[in-house]
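Here the structure comes first, spelled out in structure tokens, and everything after it is commentary.
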Amino acid sequence: EDQVTQSPEALRLQEGESSSLNCSYTVSGLRGLFWYRQDPGKGPEFLFTLYSAGEEKEKERLKATLTKKESFLHITAPKPEDSATYLCAVQTSSASKIIFGSGTRLSIRP
Amino acid sequence: EAGVAQSPRYKIIEKRQSVAFWCNPISGHATLYWYQQILGQGPKLLIQFQNNGVVDDSQLPKDRFSAERLKGVDSTLKIQPAKLEDSAVYLCASSLLADLDTQYFGPGTRLTVL
């Protein structure tokens, strides 16, 4: 069964304290992996798409990486405005299904 | 560029009642998605349209949920009759293409079933 698991469920960091969020997946073929940010009361906002193992993408303090089994979202020197829930999603090769993980709630203390 | 519009933003109904949600995607986007997001979980895809045709509705509870996109633009999602477990945020998203394309999400409709 296709599955996407994110860890940790919640993460509290001090401003400037770098860390990583994990998204592990078990799918019957990966077409692409997506990272989204979701603020309370809003819809998810697109961050990155990764297509193949070894690929990396960066945007401001965020960097996403992909291996054959998982993806990491690295956050460097975070600020309070980076507080949000970060969701990853995969699009599978079989029937191009889109499956979201449960997300990581990130809280950055000033 | 206007984003994805959804209405209503909030809805409270009694169980066994009916409810409908409306979505207007970004202009020119051929693909439209409806998701259900239960509190504390990630979005679950209910149905995907390509223009006015259904691409994937494998996770849509067809005994009570229905969706249509008659002219390939706006879409409505209906629940009839609602159950307590349908309480969730219903998100609409659109993308220009169907495959591996960025999805743009609306603000969602928060449904509470009492």
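The values are calculated or read from the model by the stated rules, or taken from the named source; none is laboratory data. Only a predicted model underlies this, so the values are computations on that prediction, with no experimental measurement involved. Note: ideal-geometry Cβ built from the backbone for every residue, glycine included; neighbour counts use all protein chains shown. What goes into the accessible areas is simple: the full protein's heavy atoms, side chains included, and nothing from ligands, DNA or RNA. Shrake-Rupley method; radii C 1.70, N 1.55, O 1.52, S 1.80 Å.
Mean per-residue shielding of peptide B:40-53 is 3, counting Cβ atoms of other chains within 10 Å of each Cβ. From most to least packed by mean Cβ count within 10 Å, the peptides A:45-57, B:18-30 give B:18-30, A:45-57. With 18 Å as the limit, write out which pairs from B:11/B:83; A:42/B:78; A:42/A:79; A:97/B:83; B:15/B:78; B:62/B:83 have Cα-Cα distances beyond it, or answer none. Those over the limit are A:42/B:78; A:42/A:79; A:97/B:83.
Any idea what the dipole of the protein assembly as shown comes to, in debye rounded to 20, about its Cα centre with Lys/Arg Cβ at +1 and Asp/Glu Cβ at -1?
520
Taking the 1.4 Å solvent-accessible surface of chain A as the whole, the part contributed by carbon and sulfur is 47%. With R₀ fixed at 22 Å, the C-beta to C-beta distance from residue B:7 to residue B:112 puts the FRET efficiency at about 0.85. Mean separation of Cα pairs under 8 Å and 6 or more residues apart, divided by the residue count, gives region B:6-65 a relative contact order of 21 percent.
Per-atom-type breakdown for chain B gives carbon and sulfur 52% of the accessible area (1.4 Å probe, protein chains only). For the peptide B:84-92, the mean number of other protein chain Cβ atoms found within 10 angstrom of a residue's Cβ is 1.
With contacts defined as alpha carbon pairs under 8 Å and 6 or more residues apart, what's the relative contact order of chain A in percent? Relative contact order for chain A comes out at 37 percent. Counts of other chain beta carbons within 10 angstrom of each beta carbon in peptide A:43-56 average 3.
How big is the gap, in Å, between the Cα center of region A:91-110 and the Cα center of region B:20-35? Centre-to-centre distance over Cα atoms comes out at 21 Å. Averaged over its residues, chain A has an accessible area of 49 Å² per residue, based on protein heavy atoms and a 1.4 Å probe.
Between chain A and chain B, the total buried accessible area stands at approximately 1500 Å², from heavy atoms with a 1.4 Å probe.
What do you get for trypsin sites (Lys or Arg not before Pro) in region B:50-114 restricted to DSSP loop and a cutoff of at most 13 other Cβ within 10 Å of the site's Cβ? Write out the running numbers ahead of the final one.
On the way: sites: B:62, B:64, B:69, B:71, B:78, B:83, B:110; in loops: B:62, B:64, B:69, B:71, B:83.
Answer in residue order: B:62, B:71, B:83.
What shape does chain B take by its C-alpha gyration tensor, where a ≥ b ≥ c are the square roots of the eigenvalues and a/c under 1.5 counts as rounded, a/b above b/c as prolate, and the rest as oblate? Prolate. Scaling the Cα radius of gyration of the protein assembly as shown by the globular reference 2.2 N^0.38 Å produces a ratio of 1.02.
At 10 °C and a viscosity of 1.306 mPa s, what translational diffusion coefficient does Stokes-Einstein give for chain A, taking Rh as the Kirkwood radius over Cα pairs? Give it in µm²/s as a whole number. In µm²/s, the coefficient rounds to 114.
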